[in-house]
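The values are calculated or read from the model by the stated rules, or taken from the named source; none is laboratory data. Computed from a predicted structure; not experimentally measured. Ideal geometry is used to build each Cβ from the backbone, glycine not excepted, and the neighbour counts take in all protein chains shown. Note: areas computed on protein heavy atoms with side chains; ligands, DNA, RNA excluded. Shrake-Rupley method; radii C 1.70, N 1.55, O 1.52, S 1.80 Å.
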Amino acid sequence: MDIPSSRWHLAIEKRRSRRHFDPNLPIGRAALAALDMVCNQFAPFPHARSRLVTESAKSVFKGIIGSYGKIKDAPAFIAFIGNMDAPFVQEEVGYTGEGIILEATALGLNTCWVGGFFRPEIVASLIEVSSKERVLAITPVGYAQESESWEEKLMTDFGRSRNRLPLSKLVRGLPRERWPDWVNVSLEAARLAPSATNRQPWSFDVQDDGITILVRTMRPGFNVSKRLDCGIAMLHLEVAAIDCGCKGEWEFLPSPQVAKFKIRS
Ligand SMILES: Cc1cc2nc3c(=O)[nH]c(=O)nc-3n(C[C@H](O)[C@H](O)[C@H](O)COP(=O)(O)O)c2cc1C
């Protein structure tokens, strides 16, 4: 499936995590079918896949420790699954999962990446997961309650969700005055990517022929790989680049680098 770049670029601006859903607003049949289709069709890597599950969403999120990740009344969820034999599985799952999240956003639905606080054994009982695979993250999906409850506001503040670091703290390489337009727009989109606890673990190296994403911080990881966050930023960067008319290819790189987006000449 080709990336619907303008649709997903708009969704990047619009998306933010929501955790409390409206129990009186089920997802309609057409939206469910569209979600299921994107889960099946947006699978750019052989080792990462997404599955929509419309039953037992409550039991997957139930019993969560503490308030971070407390998801209420989600009518469905999507599981993001990776084959752990693949060397870049975390990046691939982040990239793939964010495509599904952006399509859900474009469909008017709300989501929230959940990396730590879910019950993988219950997810695995609801979908087929092979011995080589792991459910690395899930997202609830549905229509959020119109206004944020105090509990949700608290979590948003905890993740300082709307704050993002300025590009000046994240970018090295070619000086800004030499950046072509697509670099500006793509880095801005990557900067807005969601990450676990909003840690934004990425930095960017701008070169004449592309942009490399690197892991910026060595701080501990909350049980969620920073490379998964970086996979999410990869997708944001590419969506914006394509929307600017600039296509390219990803090359995965060893740590602390993540991958280079090399533009097609
Ligand atoms: C890989 C990943 C894992 C996450 N895990 C959780 C989680 O377990 N619980 C939760 O409430 N939010 C989780 N989040 C949501 C982040 O806290 C949120 O994306 C971040 O604070 C930025 O806010 P925004 O998504 O509204 O832009 C996760 C996000 C990512 C990308």
Worksheet entry | Surface share of carbon and sulfur [accessible, 1.4 angstrom probe, percent] for the chain | 51 percent
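Across the stretch 217-265, how large is the tail of the calculated P(r) beyond 17 Å, expressed as a percent of all Cα pairs?
41 percent
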Discussion item. Sort 35-48, 133-146, 244-257, 107-120 by packing, meaning the average of other beta carbons within 10 Å per residue, with the highest value first.
Written reply: 133-146, 107-120, 35-48, 244-257
Worksheet item: Under a no-solvent Debye model with one identical scatterer per Cα of the stretch 1-148, what's log10 I(q)/I(0) at q = 0.09, 0.13, 0.15, 0.20 Å⁻¹?
Response: -0.25, -0.53, -0.72, -1.31
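What is the Rg over Rh value, at two decimals, for the chain, using alpha-carbon atoms and the Kirkwood definition of Rh? It would help to have the intermediate numbers written out before the result.
Numbers: Rg = 17.7 Å, Rh = 18.6 Å.
For the chain, the value is 0.95.
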Worksheet item: When the chain is treated as a GNM, springs tying every alpha-carbon pair under 10 Å, which of 121, 177, 55 comes out with the largest mean-square fluctuation?
Response: 177
Worksheet, complete the sentence: With Cα springs under 10 Å, the Gaussian network model of the chain assigns the largest mean-square fluctuation among 49, 176, 227 to 176
Fill in: Difference of contour (0.36 nm per residue) and Cα-Cα distance, residue 85 to residue 165
25.5 nm
Worksheet item: Pairs of lysine in the chain with Cα under 23 Å and at least 8 positions apart or on different chains: total?
Response: 20
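Would you calculate a helix-derived [θ] at 222 nm for the chain, using -39,500 (n - 2.57) for each DSSP H run of n ≥ 4 and dividing by the full residue count, to the nearest 500?
Roughly -10500 deg cm²/dmol at 222 nm, from the helical runs in the chain.
Roughly how many Å² is the accessible area per residue of the chain, as a whole number, for a 1.4 Å probe?
Heavy-atom SASA per residue in the chain reads 47 Å².
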